[in-house]
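Notes to accompany the following structure.
The values are calculated or read from the model by the stated rules, or taken from the named source; none is laboratory data. Everything numeric here is computed off the predicted structure, so don't read it as measured data. Heads up, the Cβs are rebuilt from the backbone with ideal geometry, glycines too, and the neighbour counts pull from every protein chain shown. For the accessible areas, the whole protein counts, side chains as well, though only heavy atoms, and no ligand, DNA or RNA atoms are used. Shrake-Rupley method; radii C 1.70, N 1.55, O 1.52, S 1.80 Å.
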Amino acid sequence: MKTLVLIDIQNDFMPGGALAVKNGDEIIPLINELQQKFDLVIATQDWHAKGHSSFASAHQDASAFDVIKLNGLNQVLWPDHCVQNTPGAEFHPELDTNRIETIFRKGTDLAIDSYSGFYDNMHLKSTGLSGYLKEKGVHQVYFAGLAGDYCVAYSVLDSISEGFETTLIEDATRSIDQKGFEKMKLEILRKGGTILKAADLVF
Ligand code: VGL
Ligand code: ZN
């Protein structure tokens, strides 16, 4: 069963949003088209409590994009984004949500950030996505969405470690930092993931 996981296609990651990804909205028509090719479509939502520890505003004398140590991990401090039940946390209005069977939310714990759709950044708590896919007999998982260098890349890496045949559809993502994305792509390939373009999907 071929499964498409759509990562964080939310207003705050779109041009004009609180944590805008350049040209993030360009992927939406392609993603709507892609969904028709898959047996199962799942989505994730970045879903932060107000005052989340990944927000620069939660720390004294800090600015957005500073890097600090949080629970021993490097943490980029972000502008406030995807706060629960705000318009910025909603899916982009042009995203076709009719085929999305389940939504996995992440980043709800105030104390710890969560890039991957599978685990928080300390790998302490699972979202249940891996078990959900395994229970459904899924072996092949494809990823698209935002941002390529953060939540998409970390989801892809966790998917590989969870034992799924994992593919990143690289033209169905956009990144905060292109250099960071190129680095993550090398890591994905090194770990055994596949990277291809939507037109190269042969099903
Ligand atoms: C993301 C930074 C902070 C993402 C989420 O969806 O890639 N990036 N929160
Ligand atoms: Zn976030």
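Residue by residue through region 105-110, which ³J(HN,Hα) values in whole Hz follow from phi under the Karplus form 6.51 cos²θ - 1.76 cosθ + 1.60 (θ = phi - 60°), with glycine and proline marked x?
Once rounded to whole Hz, the list reads 9, 8, x, 6, 6, 3.
May I have the count of lysine pairs in region 38-178 with C-alpha atoms under 27 Å apart, counting pairs 8 or more residues apart or located on different chains?
10
Rounded to the nearest 20 debye, what is the charge dipole size of the chain about its Cα centre when +1 sits on each Lys and Arg Cβ and -1 on each Asp and Glu Cβ?
Numbers: 18 positive and 28 negative charges, 90 e Å.
My answer is approximately 440 debye.
Using a 1.4 angstrom probe on heavy atoms only, work out the carbon and sulfur share of the accessible area of region 1-73 in %. If you can, show how the numbers build up before the last one.
Values: 1500 of 3150 Å².
Answer for region 1-73 is 48 percent, counting heavy atoms of protein chains only.
With unit charges on the beta carbons (Lys and Arg positive, Asp and Glu negative) and the dipole taken about the Cα centre of the chain, which residue among Leu146, Gly72, Phe181 sits farthest to the positive side?
Working it through, the farthest residue towards the positive pole turns out to be Gly72.
Probe radius 1.4 Å, ligands and nucleic acids ignored: give me the carbon and sulfur share of the accessible area of region 96-203 as a rounded percent. Working shown, then result.
On the way: 2650 of 5160 Å².
Accessible surface attributable to carbon and sulfur in region 96-203 totals 51 percent.
Straight-line reach from Lys185: which lysines have Cα under 22 Å away, leaving out those fewer than 8 places along the same chain?
List returned: Lys2, Lys22, Lys197.
Enumerate the amide H contacts of Thr167 below 5 Å, restricted to partners 5 or more residues apart or on another chain; note that Pro and chain-start residues carry no placed amide H.
For Thr167, the qualifying residues are Val141, Tyr142, Phe143, Thr194.
Taking a probe of 1.4 Å, how large is the accessible area per residue of region 70-129, in Å²? Before the final figure, lay out each step's value.
Details: 3020 Å² over 60 residues.
Heavy-atom accessible area per residue stands at 50 Å².
What net charge is computed for the residues neighbouring Asn85, neighbours being all others with C-beta under 15 Å from the C-beta of Asn85, Lys and Arg scored +1, Asp and Glu -1?
Numbers: positive: Lys50, Arg105; negative: Asp12, Asp46, Asp80, Glu90.
That works out to -2.
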